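One structure is given below, encoded as structure tokens.
None of the figures in this text is laboratory data; all of them are computed from the coordinates on show. For clarity, every value in this text was computed on a predicted model and none was experimentally measured. Cβ placement follows ideal geometry from the backbone for every residue including glycine, while neighbour counts extend to all protein chains displayed.
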Amino acid sequence: MKKELEPLIQLDGIYGVIAATTDGIIIESATRKEIDEETAAALTAKISKEVVDKTGIKKNVLSIIKGEKGYLIFTIKKDFVLGVIGGNDVNLGEVKQILRKVGDRIQGLLSG
């Protein structure tokens, strides 16, 4: 499954990509910078749970959180969350497009 993350981790400005269960357990990850992957997975899962609980939208959600030093971009799929951590120089349009495709491929692998 690591190869499924390659299109995202290879993008300019991306520091890490994490696929995790909806409970925050890492399924697979790829990083280019020092990132606490377990904390990032747990945080992404927690935020995605809040999105689901508050909106009632349970899958195929894509969210972008902007911070002072960069972005957390994640998608909520049926069986997992897929998060991307990147700097301020990330091309959001490109990340969103590839994130959706990679998320769909991983969902197919997990469902298959």
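Ranked for footprinting exposure by Cβ neighbours inside 10 Å, fewest first, LEU82, LEU62, LEU72 give LEU62, LEU72, LEU82. Within the chain, all pairs of alpha-carbon atoms sorted by distance into 10 Å bins from zero give the percentages 16, 54, 29, 2. Report the net charge of residues surrounding ASP23, where surrounding means a beta-carbon distance below 10 angstrom and charges are Lys +1, Arg +1, Asp -1, Glu -1. The answer is +2. Sparsely packed loop sites in the stretch 24-57 (the trypsin sites (Lys or Arg not before Pro) outside DSSP H, G, I, E and B with at most 16 other Cβ atoms within 10 Å) comprise ARG32, LYS33. Go ahead and estimate [θ] at 222 nm for the chain from helices alone: -39,500 (n - 2.57) per DSSP H run with n ≥ 4, summed, over the residue count, rounded to 500. That comes out to -14000 deg cm²/dmol. Each residue in ILE98, ILE25, ILE18 was given a count of other beta-carbon atoms within 10 angstrom of its own, and listing them fewest first yields ILE25, ILE98, ILE18. Residues SER111, SER29, SER63, SER48, ranked from the fewest to the most other C-beta atoms within 10 Å, line up as SER111, SER63, SER29, SER48.
Annotation for the stretch 26-112: GluC sites (Glu not before Pro) lying in DSSP loop with at most 11 further Cβ atoms inside 10 Å of their Cβ are GLU34, GLU68.
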